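The values are calculated or read from the model by the stated rules, or taken from the named source; none is laboratory data. Nothing here was measured: the structure is a model prediction, and the numbers come from that model. Ideal geometry is used to build each Cβ from the backbone, glycine not excepted, and the neighbour counts take in all protein chains shown.
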Amino acid sequence: MKRVILDGRKNLEKTLKYLKTKNKILLLTTSNRWEGEKLPPKSTSLAVLIKKKLGKKVVLIDVSKLKIYACEGNVSSSKGNNCGVEGAVLKDKKKNPSGYHRCWASINNKDDELWKISRAIFKSGCVVFFGSVRWGQINSIYQKLIERLTWIENRHSTLKGDNIVKDIDVGIIIVGQNWNGKNVLGIQKQVLRFFGFNVVNDLCWNWQYTDDENDESPESYKDAISTFKKTFF
């Protein structure tokens, strides 16, 4: 069995060093676990650790706990690209104090909670996403979130409006077991660049236990947990 493990401690130290220079930091965790399971997702554990070390200037939101509807696909509706248009603004000063939130799914679903994330993003100077690799891709909750935030990218790319996140630093930290983590990280960094964020390399990294994609042994999964704890805690 060949392990990767990729200088996890060193990457964490770089992230902490950079974040110490920033204020108004937002951490968004997207991996999930059954509530009865004592062990939280590894990526979530990293976010909690960072918040503990940096204190009150950090806001942490567990996206998996929010009610977020699926993207309606308005980038290719019968009207053409109808995502992020002025008519889709969420008219609620509490939910949308910046006036930036433009999403039809937020209007069509009154109990949708995407506003809790967008409101926090626009109050922040730095955002770090946390996710897991499942079957060679980023986890579904992260993907749902990114799809629902498409209006951020669409308003400056297709609609030729302002890039409303150009001054926000961003990063993504990913944890996986045995397959494709490096590629997933590269794709998601590019996605965040498309969105218009300022992608910071010191905030972007992947921790993967092994690069043997065929290693599915029970021993490997158990050892990954203990190795992760030893590496970061």
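When residues in region 181-220 are screened for being buried (at least 20 other Cβ atoms within 10 Å of the Cβ) and over 25 Å from Arg155 (Cβ atoms), 9 of them pass. Suppose we keep only residues that are among the aliphatic types (A, V, I, L, M) and assigned to a helix (DSSP H, G or I) within region 50-92. Which one would you say is farthest from Ser132 (Cα to Cα)? Taking the candidates together, the pick is Ala88.
Does Lys95 satisfy the criteria of being over 15 Å from the mean Cα position of the chain (by Cα), outside any strand (DSSP E or B), at pLDDT 95 or above and surrounded by fewer than 15 Cβ atoms within 10 Å (Cβ to Cβ)? For Lys95, the condition - over 15 Å from the mean Cα position of the chain (by Cα), outside any strand (DSSP E or B), at pLDDT 95 or above and surrounded by fewer than 15 Cβ atoms within 10 Å (Cβ to Cβ) - is not met.
One residue stands out among those in region 3-56 that are among the small types (Gly, Ala, Ser) and touching a residue at least 12 places away in the same chain (Cβ under 8 Å): the one that is surrounded by the most Cβ atoms within 10 Å (Cβ to Cβ), which is Ser31.
Residues checked against (1) in contact with a Phe, Trp or Tyr (Cβ under 9 Å, 6 or more places away or on another chain); (2) assigned to a helix (DSSP H, G or I); (3) modelled with pLDDT of 95 or more:
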| residue | (1), (2), (3) |
| --- | --- |
| Ile5 | yes, no, no |
| Tyr18 | no, yes, yes |
| Leu28 | yes, no, yes |
| Trp34 | no, no, no |
| Lys38 | no, no, no |
